[in-house]
1. Which residues, taken from the range 1-12, are modelled with pLDDT of 80 or more and either aliphatic (A, V, I, L, M) or surrounded by 14 or more Cβ atoms within 10 Å (Cβ to Cβ) (or both)?
2. Considering only the range 90-114, state which residues are touching a residue at least 40 places away in the same chain (Cβ under 8 Å) and within 13 Å of the chain's Cα centre (by Cα).
3. Just to be sure I understand, how many residues within the range 35-45 are out of contact with any Cys (no Cβ under 9 Å at 6 or more places or on another chain) and either touching a residue at least 24 places away in the same chain (Cβ under 8 Å) or of a type in the set (Gly, Ala, Ser) (or both)?
4. Quick one: LEU118 ticks every box in (1) open to solvent by less than 50 Å² (accessible area, probe 1.4 Å); (2) of a type in the set (A, V, I, L, M); (3) modelled with pLDDT under 95; (4) outside any helix (DSSP H, G or I) bar one, so which box is it?
5. Quick one: which of LEU68, LEU85, LEU97 is open to solvent by 20 Å² or more (accessible area, probe 1.4 Å), at pLDDT 95 or above and of a type outside the set (Val, Ile, Thr)?
6. List the helices (runs of 4 or more DSSP H) that sit entirely inside the range 1-89 and contain at least 3 residues that are among the hydrophobic types (A, V, I, L, M, F, W, C) and under 12 Å from the mean Cα position of the chain (by Cα).
7. Here's a check for you: in the range 34-65, which residue that is among the polar types (S, T, N, Q) and open to solvent by less than 50 Å² (accessible area, probe 1.4 Å) is farthest from ASN9 (Cα to Cα)?
Amino acid sequence: MICADGQVNEKELLLGKKMIAAEGFDENKFEATLSIFKTKDKDVLYKECLNGLKKLDKQKQIRSISWLCVIANSDGFMDKEEWMLIYKIYDTELGLLLDDILKTQKELNKILHGKEFLSFGVKMDDKK
């Protein structure tokens, strides 16, 4: 996700590190995996990630997509490419409900920022 718009934003990386801490992931493993993702073909990466998501139970899928939304909005907006990717994954591929994602997103923002809010805005750039 962090590479979906073609740029790795520092705010997204920072929030990714907060996600690692909140979820108890190994930071070194995350960094190593991110390095691999930066050079991997996007289609191959998408398929691998989707296969991994499909192996998770529904609640973990919802939490994962909610994290994608929170991180994609870390710079104040969600790029159109990021939104299209998130929508394709949660709606088309996984059949998840937006209400469930929004509810979990509020919970994640409370963990990160001490208050519940939604960060689901999309910046549409007509120049692309």
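The values are calculated or read from the model by the stated rules, or taken from the named source; none is laboratory data. Here the structure is a predicted model, which means the values were calculated and not measured. Every residue, glycine as well, gets a Cβ built from its backbone with ideal geometry; the counts of neighbours run over all protein chains shown. All accessible areas refer to the heavy atoms of the entire protein, side chains included, with ligands and DNA or RNA removed. Shrake-Rupley method; radii C 1.70, N 1.55, O 1.52, S 1.80 Å.
1. Matches in the range 1-12: GLU12 only.
2. Residues satisfying the conditions are THR104, LEU108.
3. Residues flagged as out of contact with any Cys (no Cβ under 9 Å at 6 or more places or on another chain) and either touching a residue at least 24 places away in the same chain (Cβ under 8 Å) or of a type in the set (Gly, Ala, Ser) (or both) within the range 35-45 amount to 1.
4. Of the numbered conditions (1) open to solvent by less than 50 Å² (accessible area, probe 1.4 Å); (2) of a type in the set (A, V, I, L, M); (3) modelled with pLDDT under 95; (4) outside any helix (DSSP H, G or I), the odd one out for LEU118 is (1).
5. Details: LEU68 fails: at pLDDT 95 or above; LEU85 fails: at pLDDT 95 or above.
None of the other options fit; the residue is LEU97.
6. Of the helices (runs of 4 or more DSSP H) lying wholly inside the range 1-89, those with at least 3 residues that are among the hydrophobic types (A, V, I, L, M, F, W, C) and under 12 Å from the mean Cα position of the chain (by Cα) span 10-23, 58-72, 80-87.
7. Of the range 34-65, the ones among the polar types (S, T, N, Q) are 35, 39, 51, 59, 61, 64.
Right, trim to open to solvent by less than 50 Å² (accessible area, probe 1.4 Å) and you get 61, 64.
Working: GLN61: 24, SER64: 19 Å.
Among residues in the range 34-65 that are among the polar types (S, T, N, Q) and open to solvent by less than 50 Å² (accessible area, probe 1.4 Å), the one farthest from ASN9 (Cα to Cα) is GLN61.
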